[in-house]
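Notes follow once the structure below has been shown.
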Amino acid sequence: LEEHYDQSHQFSLIMGEENLKGFHKWNSYEAILSHYNLFVYPRISEGTVEHQFKTHPKIVRVAAPIMEISSTFIRKQHAKGKNIRPLLPEAVWKYMDEMNFYRG
């Protein structure tokens, strides 16, 4: 993205807390943290966050309600034929429906 936008744009990474627990395994995670802020949404999940990430100045924990809705949940429910349309922006739903994504 930085190649396509000038310096006036500031990019960040948004992830669920479950992803932060494995962030130390990401390729070049140190480089990501040196260039970008991470906004972490709280989740109920197993495991622990690495000590280095608990107070890292580039990692911002979002004060938000914990919702047990994830992309995995949406994909699985859609594959089971459940109505997930209310959980998604209309454009996302249309794209998933048109492309026949995640159907069982």
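The values are calculated or read from the model by the stated rules, or taken from the named source; none is laboratory data. Keep in mind it's a predicted model, so treat the numbers as computed, not measured. Backbone-built Cβ (ideal geometry, glycine too); neighbour counts: all protein chains shown. SASA here: full protein model, heavy atoms, side chains in, ligands and nucleic acids out. Shrake-Rupley method; radii C 1.70, N 1.55, O 1.52, S 1.80 Å.
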Problem - Filter pass, E46 being part of a loop (DSSP other than H, G, I, E, B), more than 14 Å from the chain's Cα centre (by Cα) and either among the hydroxyl-bearing types (S, T, Y) or surrounded by fewer than 10 Cβ atoms within 10 Å (Cβ to Cβ) (or both) - result: yes
Exercise for the section: Answer yes or no: is there a residue in the stretch 69-87 that is loosely packed, with under 10 Cβ neighbours inside 10 Å, within 21 Å of Y102 (Cα to Cα) and under 16 Å from the mean Cα position of the chain (by Cα). Expected result: yes
Completion exercise
A64 vs (1) open to solvent by less than 60 Å² (accessible area, probe 1.4 Å); (2) assigned to a loop (DSSP other than H, G, I, E, B); (3) more than 27 Å from L38 (Cα to Cα): all pass except (3)
Practice task
Could you check how many residues of the stretch 9-28 are in a helix (DSSP H, G or I) and open to solvent by 40 Å² or more (accessible area, probe 1.4 Å)?
Solution key: 4
Exercise for the section: Give me the pairs, please: first residue somewhere in the stretch 83-99 and of a type in the set (A, V, I, L, M), second residue anywhere and open to solvent by 100 Å² or more (accessible area, probe 1.4 Å) and part of a helix (DSSP H, G or I), beta-carbon distance under 6 Å, and either six or more positions apart or on two chains. Expected result: none
